[in-house]
Amino acid sequence: MSISNDKILNSVNLELLKFISLFQDNSFRYLFESDVQCELLSRLRQAIPGTLKIPGLGKPLQEYNISIVNSEYLNRIDIACLDIDKAAYHEMRNHKGFDMHLYDIPVYAGIEIKFRKIGDIFRLDSCLRDLEKLQKLNIPNPIILGFIQLESDVEAFFSHSPANICYTQVDKDTPLSTVNIISPKRRWAVNAI
């Protein structure tokens, strides 16, 4: 099977929807944001198992096979899927005697995760800041996932939301939007108005 950016995005959306269902079945399977990130990274690497051949300058290799799906990539994007089309044309660069262009290949889909566990107080604005981060990085397909571990925290999470933001409860089979909020029993799509 040949891989393309469209296939990557399709796989990302399918895997994220499966994961959301798993989270909603048992939100205490995950205790920290890193648990969510780790499982999503693993699932996406299984769904998108390919690597990209990236030419090197011989410092240390002439060619690298790097994963399409990476964590804490570029400016610490929680999960990043590299851009298949742009990777081949990415400028090679050397820094302090080493090939460094492997670490800033353009990203096609960037996923930022927020996880409100018991006792946390952050709200929707934290997810919106992550969206701004991905937009500033010019990520063509930003995806924000805000997980709320306790259903009783939903009201506090959405309190003090910016006036230009609306959030709509959606069905579990609704395709993902750019900003998605997930509680144990519900899911919302967030949009600017």
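The values are calculated or read from the model by the stated rules, or taken from the named source; none is laboratory data. Quantities reported herein were computed from a predicted structural model and do not represent experimental measurements. Note: ideal-geometry Cβ built from the backbone for every residue, glycine included; neighbour counts use all protein chains shown. Each accessible area value is taken on the protein alone, full model and side chains, heavy atoms only, with ligands, DNA and RNA left out. Shrake-Rupley method; radii C 1.70, N 1.55, O 1.52, S 1.80 Å.
Assorted remarks:
- Checking each residue in region 144-174 for being assigned to a strand (DSSP E or B) and either within 23 Å of SER34 (Cβ to Cβ) or of a type in the set (Gly, Ala, Ser) (or both) picks out ILE144, LEU145, GLY146, PHE147, ILE148.
- Pairs with Cβ under 6 Å, 6+ apart, first in region 83-97 and modelled with pLDDT under 85, second open to solvent by 70 Å² or more (accessible area, probe 1.4 Å) and among the charged types (D, E, K, R): ASN94/LYS59; GLY97/LYS59
- For LEU31, the conditions (1) of a type in the set (A, V, I, L, M); (2) open to solvent by 60 Å² or more (accessible area, probe 1.4 Å); (3) more than 21 Å from ARG116 (Cα to Cα) all hold with the exception of (3).
- Selection from region 84-130 of residues that are β-branched (Val, Ile, Thr) and either over 19 Å from the mean Cα position of the chain (by Cα) or open to solvent by 80 Å² or more (accessible area, probe 1.4 Å) (or both): ILE118, ILE121
- So LEU134, is it touching a strand residue (DSSP E or B) at 6+ places or on another chain (Cβ under 8 Å), part of a helix (DSSP H, G or I) and crowded, with 23+ Cβ neighbours inside 10 Å: yes
- The residue pairs whose first member lies in region 168-193 and is open to solvent by 80 Å² or more (accessible area, probe 1.4 Å), whose second member is in a loop (DSSP other than H, G, I, E, B), and whose beta carbons are closer than 6 Å, counting only pairs six or more residues apart or on different chains, are GLN169/ARG186; ILE193/ASN164.
- Breaking point among (1) closer than 25 Å to LEU31 by Cα; (2) open to solvent by 40 Å² or more (accessible area, probe 1.4 Å), for ALA163: (1)
- Boolean, SER152 is open to solvent by 30 Å² or more (accessible area, probe 1.4 Å), of a type in the set (Gly, Ala, Ser), more than 21 Å from ASN13 (Cα to Cα) and at pLDDT 95 or above: yes
So that you can scan it fast, the table gives a plain yes or no per residue for (1) open to solvent by less than 50 Å² (accessible area, probe 1.4 Å); (2) over 23 Å from PRO175 (Cα atoms); (3) in contact with a helix residue (DSSP H, G or I) (Cβ under 9 Å, 6 or more places away or on another chain):
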site	(1), (2), (3)
ASP6	no, no, no
PHE23	yes, no, yes
ALA47	yes, no, yes
THR51	no, yes, no
LEU57	no, yes, yes
LEU61	no, yes, no
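- Cβ-Cβ under 9 Å pairs, at least 6 apart or on other chains, region 1-19 side of a type in the set (Lys, Arg), far side open to solvent by 40 Å² or more (accessible area, probe 1.4 Å): LYS7/MET1; LYS18/ARG43
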